[in-house]
1. Which members of segment B:204-231 meet the condition of being more than 23 Å from B:Asp319 (Cβ to Cβ), of a type in the set (Gly, Ala, Ser) and in a loop (DSSP other than H, G, I, E, B)?
2. Given the options A:Phe200, A:Phe245, name the one that is more than 30 Å from A:Gly43 (Cβ to Cβ), among the aromatic types (Phe, Trp, Tyr) and modelled with pLDDT under 95.
3. Taking into account only those residues within segment B:143-172 that are touching a residue at least 24 places away in the same chain (Cβ under 8 Å) and among the β-branched types (Val, Ile, Thr), which is nearest to B:Ile7 (Cα to Cα)?
4. Can you tell me which residue in segment B:331-350 is nearest to the other protein chains (Cβ to nearest Cβ), limited to those that are part of a loop (DSSP other than H, G, I, E, B) and at pLDDT below 95?
5. Within segment A:114-129, does at least one residue satisfy the condition of being under 26 Å from the mean Cα position of the chain (by Cα), surrounded by 15 or more Cβ atoms within 10 Å (Cβ to Cβ), assigned by TED's automatic domain parsing to the domain that holds A:Thr100 and closer than 30 Å to B:Gly84 by Cβ?
6. For segment A:46-60, which positions are assigned to a helix (DSSP H, G or I) and within 23 Å of the chain's Cα centre (by Cα)?
7. Looking at segment B:395-441, which of its residues are surrounded by fewer than 24 Cβ atoms within 10 Å (Cβ to Cβ), assigned to a loop (DSSP other than H, G, I, E, B) and more than 14 Å from every other protein chain (Cβ to nearest Cβ)?
8. Quick check: anything in segment B:310-327 surrounded by 15 or more Cβ atoms within 10 Å (Cβ to Cβ), at pLDDT 95 or above, assigned to a helix (DSSP H, G or I) and β-branched (Val, Ile, Thr)?
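The values are calculated or read from the model by the stated rules, or taken from the named source; none is laboratory data. Given the structure is predicted, the values throughout are model-derived calculations rather than measurements. Neighbour counts run over all protein chains shown; Cβ positions are idealised from the backbone, glycine included.
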Number of protein chains: 2
Amino acid sequence: MGNIQTILTNRVSGLLASLRHSGIKQVVLSPGSRSTPVAILLGKMQDEGQIKLYIDVDERSAAFFGLGIAKASGQPVLLVCTSGTAAANYYPAIWEADSTNVPLVVLTTDRPPELQEIGTPQTLDQPKMYSTAVKGFYQLPSPSAGDGNAELAYTDYIVQKAVDQACQHPCGPVHLNLPLRKPLMPDVDQVVSLPEQNIFQTKLTPVLTSAAKQHLTRLFAGKKGLIIAGPVQDGHQNAAEIAEFAEQMNWPILADPLSGLRGYSHALSTGDQLFKAWDKLPTDFQPEVIVRTGATLVSASMINWLANKSAPVIYLDEDCSWKDHSLSTTERIAAAPAQILPQLSDLKPAVSQWFERWRKLSRTIRKILETATSFHPLNEPGVASVISKNLPADATLFVSNSMPIRDIDVQFDPQITSTQVLCNRGADGIDGVNSTALGVASQLQNNYLYIGDLAFFHDLTGLMMARKYDLDLTVIVQNNDGGGIFSILPQYQEKTQFEKVFGTPLDLKISAIADMYDAKYCKITTAGELADIIRQQPHGLTIVEVVVPRQAVPEQQDHLKAAVADRLQEFLDENHG
Amino acid sequence: MGNIQTILTNRVSGLLASLRHSGIKQVVLSPGSRSTPVAILLGKMQDEGQIKLYIDVDERSAAFFGLGIAKASGQPVLLVCTSGTAAANYYPAIWEADSTNVPLVVLTTDRPPELQEIGTPQTLDQPKMYSTAVKGFYQLPSPSAGDGNAELAYTDYIVQKAVDQACQHPCGPVHLNLPLRKPLMPDVDQVVSLPEQNIFQTKLTPVLTSAAKQHLTRLFAGKKGLIIAGPVQDGHQNAAEIAEFAEQMNWPILADPLSGLRGYSHALSTGDQLFKAWDKLPTDFQPEVIVRTGATLVSASMINWLANKSAPVIYLDEDCSWKDHSLSTTERIAAAPAQILPQLSDLKPAVSQWFERWRKLSRTIRKILETATSFHPLNEPGVASVISKNLPADATLFVSNSMPIRDIDVQFDPQITSTQVLCNRGADGIDGVNSTALGVASQLQNNYLYIGDLAFFHDLTGLMMARKYDLDLTVIVQNNDGGGIFSILPQYQEKTQFEKVFGTPLDLKISAIADMYDAKYCKITTAGELADIIRQQPHGLTIVEVVVPRQAVPEQQDHLKAAVADRLQEFLDENHG
């Protein structure tokens, strides 16, 4: 089978071909020494048009960038790094991928067994490194002498298994570890006989038994139902089917901002405020049955309401993950709404005023929020509102955790269904947000990121990918000089310690950051300026600094809640008195 | 025992008091919501002068900053963060602490058991998160009703155990996970009865048995010995004892730049070049016995030489970690040199010309290196040389992995012993270097960092701590616009793929970075300018950009090696012909 270089080239080419056949089209590589043959042969595959290769030197950012690609494309993404702490830097994004069921295939290169545990540099316990955060771990055979057919066949089989695991619902990250011996240089001119095709897979569809269908018909037909639609999870695209079922049943959808449902005719965007005011509502809003879809809701008030509901909750658990920390589920169907709801297309709807009653209430709350949100001076809910109203059609809005996603939950009320809202809403970290948004931007059009100054700073290195790959992203940095979210938590009352341990003012010079990355930059203070920039749909990396007062956050929150409570009473007196 | 707040305050105060009694004096906190009671009570302890508290919003940087404090102070450092991916960001520094035996106590706060695995935000498998990277994991009891005495006593005991584990050789990281329930606000005015004192520990000293002493006497007395001194490990301070033993025995010390030994009378700094030229040396340099101390050597040529040595190697394995990937050890003593060598103070030395022969050879190599290193135009070995020669007394030089530590290995030849050289030389990552250097700078005086542009960029957020805590650090950024180290590896020959997958040019605007952090900045090109700045001992954060050509790296390396080989022959012909 020839010399060491031939063997190395053959095995690594075989591994990469198997990954390509299994559906890997995009790769994020962080350069290093041990990964040399993989890197060079990936470069060759890119030249041959077989894959799209991104290079990102900060592995933490690289993994989040890959997460963004996978989120936006719905396809598994390969991450490749060298041995040592490089691999440990992937960890936050791997946990997020595990939490939101994003298919990542992590290929770490390693030193061979005979260099483990004896003080060799950059040699860690990689096989156990990702602990329970990955769905599967596979130690690949190190290229060695012999004819290698058994090793190649094994690698091809394991790669198919690993990528399948990553892409089977619930999707998630898998880990391949490849020990490599020196010399590490492959022969790029070598002609390699590669694995030819994958095992053919027969597809199945879940169908309701007639008993199950009868049971659901009894539960749903003619009933006053509510659909509580959580975030899109696991790459499922359910929005159209959920919306159609809601129309058919005359049921309202309380739609999370990440559900993909806002903008559909029966979807309401006011769940957070509505359930905060639940105690004031008359009994004619009481549902007889609740259908829950998607992942954990952004709105805490909706989760609290679910925990105390009095109707049965049927959870369409599309990712089979039992995600329900309201503990409100009474029945569970382990399938996606898009698979189940069309099988119920002949059910009788609820009475016509049922949905109308909710729509009217929701419109009232929306009007109150409009009036109560302050645009002079521009505050945090105001920023979220201006963004929500001015996004172009087909825009993708990536939203940071912490305050931005909460404000978008309240303010985002589109009239169209083509705006996509995304967020790392699984582990809910403020890390890797710039990178994930840029990964998304590498796949989609009209990209916006809405983020606070802390999260923007946390992933400062991530912005490099925008300059390197000429990505279009307009970053709206809501700069309140620190951790605004803590101001709405009880510790805000503990004034002596607050600013020191929670306020965390960074006094960021955002213009210097823009300068560093050759980004367009502007600092604005009014709603009009913000609306103008968003509507311009800027190209390249644009950083828009919106200065808002942090100290005002608790007052704004109280103000909105009080406004809704007050004026809702008038509405109810008029309509349900 | 009172209400929930009283219980919470009592338990968390007790935990922190136990940590303080066990030796925690410095804490790095990354703010978050779940860690609220710990954060607030740490703020109170700082006000009372019981601890020094640092706040760092990027947990990856925070952990490396804590690593730097622990490295420089020799004391265990406490890291505190909230739940979720925050904890995962600590991972790279935890692996480095595990690899270099640095005592870190990681306190992650968590959601309580009843919120695990059901889709609660920011809830990951924290108990298994750090896998095999930590020496111990302890799940602390969540504060709950009852008199709490048993919980407090248990926490006090476990904290003593955990901190002891972190500080027992081999030192390393330990993990405490604290589940907390809402409400999370403690009462800062509450008077708490705290654990009073630790279990008294009786100390032991390892003493050689008389048989062992006889055996070592036979091995060492009158023999031509070499001491190969690797990096200081595990907080051991062995330099004085090793140097004294070398003088007593008339043996040379081949001293790694991280051994703390360079500058001592019998320590030689030319090991890397010397062993590269070993084949040319006459047999009168052949040692009869080799004593190895410390961790894995920076110099690959010294490791290769050890692997092929013909004399017995006695490894004083101070951190009991069997770190010897040269596999050259023939005998092993599981104790620190400072414990063992003074017990051999009556041994007869080697013949007097033995050390003189090595010293003369080493001086010759040093002179050749001086002549062969180019300062016009300034190149990478030149930068390392200028830094080495101009550091003030009592300076601390933190060196990045990749090329800087290799160049310092060759060029650092101090005449004094008070310059300290530090590096994250365990997992050998280029991550977290700025942060570790700043952690060190928070403890010591006259701090310098020598780093390449990739590593500097990788930990860009880490620089924030300099501005926030007014730390003095002069950062010498050797800017070769990319990954210079790859140019000395075989892949440099693969020109088609090289620049794309290894060169990784970032085109960093270092002046914008300096602007962002309010750092003093200058860009220099000559040895004289660099020497001037180093000698000025600047205050605050100073960023010195030294532009060097990346493409020249392989030529420089070849040039130095060839120069030594050539001129060494002349010297040997004259002296050993």
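1. Matches in segment B:204-231: B:Ala221, B:Gly222.
2. Of A:Phe200, A:Phe245, the one residue that is more than 30 Å from A:Gly43 (Cβ to Cβ), among the aromatic types (Phe, Trp, Tyr) and modelled with pLDDT under 95 is A:Phe200.
3. The extreme case among them is B:Thr155.
4. The extreme case among them is B:Ala334.
5. Yes.
6. A:Glu59, A:Arg60
7. Residues satisfying the conditions are B:Ala395, B:Asp413, B:Pro414, B:Gln415, B:Ile416, B:Thr417, B:Ser418, B:Thr419.
8. Among the residues of segment B:310-327, not one is surrounded by 15 or more Cβ atoms within 10 Å (Cβ to Cβ), at pLDDT 95 or above, assigned to a helix (DSSP H, G or I) and β-branched (Val, Ile, Thr), which makes the answer no.
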